[in-house]
Amino acid sequence: HGDHNQKVDYVFKVVLIGDSSVGKSQLLARFSRNEFSMDSKATIGVEFQTKTLVIDNQTVKSQIWDTAGQERYRAVTSAYYRGAVGAMLVYDMTKRQSFDHISRWLEELRGHADKNIVIMLVGNKCDLTNLRAVPIEDAKEFAQRESLFFMETSAREATNVETAFFTVLTGIYRIIS
Ligand code: GDP
Ligand code: MG
C-alpha cells in the first residue's frame, strides 16, 4: 500500500542496547518485518530499520537502531546514542548475568543520551518459562526505582513486542507534542 507516499510528521530514533544474545536483533526483526530466526547470525551491516505508525492521527516514523556486535561494555560509540529519544534496554530472562549488567547499560545510556529519553526495560525470551532466571519482581522493582517502563517479551512468539515498542513511541510522542 502507498506507505512511501505518506507524509511523515515525526521521526523518532530508538536504540536497542543490552548484552550479546539477549535477542535485540530478533526483537527488531519481529517489530519491523514480523520475522524471527532461531539461528540469528551476528548483526552485520544493518544500522537501523524503520517502521511507520500512526499516533493521535500523526504519522510517526520510528528508526530503530541495532548494535553491530559491539555489546561489550563501553564499546558502543556515542554516535549510536546521538539523537536517540527512546531506548529498549534488553536482558534475557533466562540469563541472570544479562540482567545484572542492566545497571551498567543504563549508566552508559544516561551518560550519552538526551535526558528526556524514554526507556523500556525488556525481559526477552519469556517463551522459555521453565528456564526463568530473573524473577519478574526483581525487574519490576528495578524499573520502578529507575523510572523505566517494563515488559517481558518473546520475539519468538511475538509476545508484547509491538506493545513494548508502541509504548516507548507513544511515551516519546507525549513528551514532544
Ligand atoms: P542479540 O545478540 O541481542 O542481537 O541477540 P539475537 O537477536 O541475535 O538472538 C540471540 C539468540 O536468541 C538467537 O538464537 C535467537 O534466535 C534467540 N532468541 C531471540 N529472541 C528469542 C525469544 O524471544 N525466545 C527464544 N526462545 N529465543 C530467542
Ligand atoms: Mg544482534
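Coordinate-derived values only; no laboratory data. Every value quoted in this text rests on a predicted model; they were computed, and no experiment measured them. Cβ coordinates were reconstructed from backbone atoms using ideal geometry, including for glycine residues, and neighbour counts include every protein chain displayed.
Observations on the model:
- GNM on the chain, alpha-carbon springs under 10 angstrom: the most fluctuating residue among 134, 85, 118 is 134.
- For residue 152, residues with placed amide H under 5 Å, excluding near neighbours: 123
- Using a Förster distance of 22 Å, the FRET efficiency for residue 130-residue 170 (Cβ separation, nearest 0.05): 0.10
- Our analysis of segment 82-177 gives Rg over Rh at 0.97, with the two radii drawn from alpha carbon positions and Rh computed by the Kirkwood formula.
- Highest average packing first - 10-23, 55-68, Cβ atoms within 10 Å: 10-23, 55-68
- Taking a span of 24 Å or more along the helix axis (Cα atoms) and a mean Kyte-Doolittle hydropathy of at least -1.0 as the rule, no DSSP H helix of the chain qualifies.
- Kirkwood Rh and Cα Rg combined as Rg over Rh, evaluated for the chain: 0.94
- Separation in nanometres of the label points that stand 7 Å from Cα toward Cβ, at residue 137 and residue 158: 3.4
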